[in-house]
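Chemist: If you scroll down you'll find the structure; I have some questions about it.
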Amino acid sequence: MNGRSRAWVVAAVAAGGLLPFQDVIYIVLVMKVLCFALFACAFNLLLGFTGLLSFGHAAFFGSAAYVTGYLCRSLGWPTEAGILAGTLTAAALGFVVGSLAIRRLGIYFAMITLALAQMVYFLAVQLPFTGGEDGIQGIPRGTLFGLIDLKNDTAMYYFVYAVFLCGFAIVYRAVHSPFGQVLKAIRENEPRALSLGYDVARFKLLAFVLSATLAGLAGSTKSLVYQLATLTDVHWHISGEVVLMTLLGGMGTMLGPVVGALTVVGLQNYLSGIGSWSTIATGAIFVVCVLAFRRGIVGELGAAARRLIRTNNG
Amino acid sequence: MFELLGITPQGLVAQLLVGLINGSFYAMLSLGLAIIFGLLNIINFSHGAQYMLGAFAAWIGATQLGAWIGNPEFSIGYWPALVLSPLLIGASGIVIERTMLRRLYHLDPLYGLLLTFGLALVIEGMFRHWYGISGENYEVPESLTGAFRLEGIGLALPKYRLWVVAASLAVCFASWVFIERTKLGAYLRAGTENPALLQAFGVNVPLLITAAYGYGVALAAFAGVLAAPIFQVSPLMGSNLIIVVFAVVVIGGMGSIMGSIVTGIGLGLIEGLTKVFYAQASDVVVFVIMAIVLLLRPAGLFGRET
């Protein structure tokens, strides 16, 4: 990272920190965007950088939300422990699902993750602690380290923002490391990566578990923001939404999932009053993205910027 | 022995029949998916939505169409619908293939999955917008109302349900004969193996691909019409079913037509039996079997390792 881009990063982080000091945008909505942005970044690590399309990431997001909700509400665990337990649950689940799914490639991989996530959904419907159709409501946000009261939306915002930045930094670090280079090699040409002596299955599983863990972190945090964990969080619609966020923003780019999450959550918030239109719009954006817009918003902007530079230099 | 387990033979037979019916739907839908996958190399995520469209087309024909054209007496009965609805929905599938899917063949097959997923959301969203999620009733045709009574063991088998099993088995078997025993079917299999070579022999492969997609979609719509009198006709009827069918496809592997049929029916029966012995697990049993198959035989029961 050179000096100029470092300055941009500092400016962007500071701008995020200033968001509570305005009242144009509802701050809880910003927290939702941040949770989904983290979720989409985690997903992008798998789809954009490893080339694996999981259609079951709601399982990790939702089960972490349930575990955090149950521990914090029914057993009175402190907030940090609840989030940690939720995230670890997602990691363990990610290990099980990942181990099964990486046994097949491509389209089968997507179908297996979808089917296993649907099994998690049915379990969530039947298990006693999830509260069935009602879900877990009124999850207490608690206090952070026993000091900061998270009932205050501003305090909660800074907490969510910190979680998001940590998660984003982990993804960034993973992508820009030798580990990330191997993942990209697997994405580009799996047989060649294998022939170079990399244990492809282990790298895939590691990427899958890391992605599931961060998705769980996002789910746990979301359950505290809305103080709610329901069947919606484990439904395949959420798995589809996170695919859309990544695709629309630009898969394989660092900022794409963030832009995608912002766009999709903003759109749904705008359309939520009018029945099924948000589903229709989501589907239509999917179709348009796949047919005409495969690089996504950030990918297209990046390509346009590169074209511009090339014309100026030539 | 049955009494010891708290299970009556009547209950067992009834659940087996339910399992057989679900199995027939799994078989028809996974057969369609396998045919489409063979030539297009994509997984048709909108298969569930097209099954739903088939049921809705029949319901609209029977109850709504008359009012729309200003003649309330007019309605399309079950038997014409069984032919017309698959034709109509199959034609709409051909339009989708020609206008959208065709552009994706040079790309990673995952884009086809994403496109059809988006289409499924649009179709389901629109029907939810128009008709809500409560579901509509579709009458069993008059000639198939009532039940066969087996007086000996005090059992009643509804005629319509037997018809569904018979019709879907017949359609599956006819598809198998068509693909394995006719010249056009041979082209289809050749296209699955090596489309470039087939084209070099002068066969119109793009047309074959369009036809395969249309046929797979029509099969889904046919299953939808058959399902209409049993289940509620609702916008969500397809989406939950299709995920189970995906698991069925993973278990069977998409390499063989007969494999899809056998796996579909077998899993329906297993699901029915699970309802008798341990009802809580009946929703997840297919997924558990999928996990076991992946551990023991990753390519699927009838699949080939690629």
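Since every read-out is calculated from the coordinates, none of them should be taken as a lab result. None of the values given here were measured: they were computed from a predicted structure. Virtual Cβ from ideal backbone geometry, glycine too; neighbours counted across all protein chains shown.
Chemist: Using only the Cα atoms, what convex hull volume per residue in Å³ does chain A have?
Modeler: Enclosed volume per residue, from the Cα hull, is 157 Å³.
Chemist: Size of the dipole of region A:50-187 about the Cα centre, Lys and Arg at +1 and Asp and Glu at -1 on the beta carbon, nothing else charged, in debye to 20?
Modeler: So the dipole magnitude of region A:50-187 works out to roughly 560 debye.
Chemist: Which helices of chain B meet both criteria: a Cα extent of 27 Å or more along the helical axis and a mean Kyte-Doolittle score no lower than -0.5, with helices taken as whole DSSP H segments? Present the calculation step by step, with values, prior to reporting the outcome.
Modeler: Numbers: long enough: B:9-40 (45 Å, 1.62); B:78-99 (31 Å, 1.10); B:110-131 (31 Å, 1.10); B:159-181 (32 Å, 1.00); B:205-227 (33 Å, 1.81); B:257-277 (31 Å, 1.47).
Passing helices, by number: B:9-40, B:78-99, B:110-131, B:159-181, B:205-227, B:257-277.
Chemist: For chain B, what is the calculated [θ] at 222 nm in deg cm²/dmol (nearest 500), taking -39500 (n - 2.57) for each run of four or more DSSP H residues and dividing by its residue count?
Modeler: The per-residue figure over chain B is -22500 deg cm²/dmol.
Chemist: Run the simple label-point estimate for residue A:95 and residue B:180 please: 7 Å along Cα→C-beta, distance reported in nm.
Modeler: So the two model labels end up 4.4 nm from each other.
Chemist: Return a single number: how many Lys pairs in region A:25-313, at a sequence separation of 8 or more or on separate chains, have alpha-carbon atoms below 24 angstrom apart.
Modeler: Value for region A:25-313: 4.
Chemist: What does the helix-only formula give at 222 nm for chain A: each DSSP H stretch with n ≥ 4 adding -39500 (n - 2.57), the total divided by the residues, and the result rounded to the nearest 500 deg cm²/dmol? Could the numbers behind the result be given before it?
Modeler: Values: 13 runs with 230 residues, N = 314.
It comes out at -24500 deg cm²/dmol, rounded to the nearest 500.
Chemist: Filter the DSSP H helices in chain A by two things, a Kyte-Doolittle mean of at least -0.5 and an axial alpha-carbon span of 24 angstrom or more, and list the hits by number.
Modeler: Span-like helices in chain A: A:27-50, A:79-101, A:106-126, A:153-175, A:200-225, A:296-313.
Chemist: Starting from the Cα of residue A:162, step 7 Å along the direction of its Cβ; do the same at residue A:6; then give the gap between the two resulting points in nm.
Modeler: Distance between label points: 2.5 nm.
Chemist: Within region A:104-123, which residues have the backbone N less than 17 Å from the label spot 7 Å out from residue B:231 along Cα→beta-carbon, could you tell me?
Modeler: A:115, A:118-119, A:122
Chemist: Here is a further query. Hey, how much of the P(r) for the protein assembly as shown falls beyond 35 Å, as a percent of Cα pairs?
Modeler: So the pairs more than 35 Å apart make up 43 percent of the total in the protein assembly as shown.
Chemist: Follow-up. Once the Cα gyration tensor of chain B is diagonalised, what are the square roots of 5 times its eigenvalues, in whole Å and ordered largest first, as equivalent ellipsoid semi-axes?
Modeler: In descending order, the three semi-axes are 31, 26, 18 Å.
Chemist: For chain A, what relative contact order do you get, as a whole percent, if you take Cα pairs closer than 8 Å and at least 6 residues apart?
Modeler: 31 percent
Chemist: Taking a ≥ b ≥ c as the square roots of the eigenvalues of the Cα gyration tensor of region B:1-128, is the shape rounded (a/c under 1.5), prolate (a/b larger than b/c) or oblate?
Modeler: oblate
Chemist: Can you tell me which of A:56-69, B:80-93 comes out highest on packing, and rank the rest after it, using the mean Cβ neighbours within 10 Å? Display every interim value, and only then the final one.
Modeler: Working: A:56-69: 31.4, B:80-93: 19.6.
With the highest mean Cβ count within 10 Å placed first, the list reads A:56-69, B:80-93.
Chemist: Among A:118, B:127, A:5, which residue has its Cα furthest toward the positive end of the charge dipole of the protein assembly as shown, with +1 on Lys/Arg Cβ and -1 on Asp/Glu Cβ?
Modeler: Going by the Cα projections, it comes out as A:5.
Chemist: Please compute the length gained on full extension between residue A:202 and residue A:270, using 0.36 nm multiplied by the number of residues separating them and subtracting their Cα-Cα distance. Intermediate results must be reported in sequence, preceding the final value.
Modeler: Values: separation 68, 0.36 × 68 = 24.48 nm, distance 4.22 nm.
So the extension gain works out to 20.3 nm.
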